[in-house]
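Shown next, in structure tokens, is the structure this report addresses.
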Amino acid sequence: MTSPTQPPFSRPYEVAQAESVARTVKLEPTEAERMALAKEMGVVAIGALKAQLVITAAARGQFIVTGWVKGKVTQTCVVSLEPFETEVDEEVEVTFAPPEEVERLESAYAERREEDPTGLDRPEPPDAIDNGRIDLGVIAGEFLALGLDPYPRKPGVEFALPPELTPSEDEKESPFAALAKLKKGPGTE
């Protein structure tokens, strides 16, 4: 049996600490943690990462984590392949519940999805509390990743076809003209 892989940025938080009073936690990973997180996320580097999260108790053993995540990430431009730095500023709001409550809510969610598959206004089930803990470092890393453009483009860089592949004005054709040619059949102009 293999043990689960340790996340690159982990700050487990005992939810029992927040049962009576909301708690604010500030996070900042070490350089080694930022390097490991950058490798996991597939980015060049994470120059800075800070998070401020508030853990608040809610009904039925649930906890709500709110706050923000800010970071400076070096990504590779998909057009020029040059590295460039981008800033991330993400709001955080995640609900956690005991595993048995998550299971109950997931079943109810699945039933509602079956009844109305297009209903977009229903809330998704909460995430599970793992052995009385919520990993705030993992939350910070996930929200940092959510704030990144999946197709990063360095500011000012635009995609352009090489001149030999760029059609001239004479070669440009409206989509309707192309459809008309298709309708006439092959070899007719």
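Coordinate-derived values only; no laboratory data. Here the structure is a predicted model, which means the values were calculated and not measured. Backbone-built Cβ (ideal geometry, glycine too); neighbour counts: all protein chains shown.
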- Sorted from fewest to most neighbouring beta carbons within 10 Å, what does the list K26, K39 look like? K26, K39
- Task: Taking H placed 1.01 Å from N in the peptide plane, check which residues at least 5 places from D135 or on another chain put their amide H under 5 Å from its amide H.
- Result: Y13
- Note on the structure: Ranking V54, A36, P150 by how far each Cα lies towards the positive end of the charge dipole of segment 12-161 (+1 on Lys and Arg Cβ, -1 on Asp and Glu Cβ), the top one is A36
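Please order R11, R112 by the number of other Cβ within 10 Å, starting at the fewest.
Fewest to most other Cβ atoms nearby, the residues stand as R112, R11.
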- Query: Treating the beta-carbon of each Lys and Arg as +1 and of each Asp and Glu as -1, no other charges, what is the dipole magnitude of segment 1-76 about its Cα centre, to the nearest 20 debye?
  - Reply: 220 debye
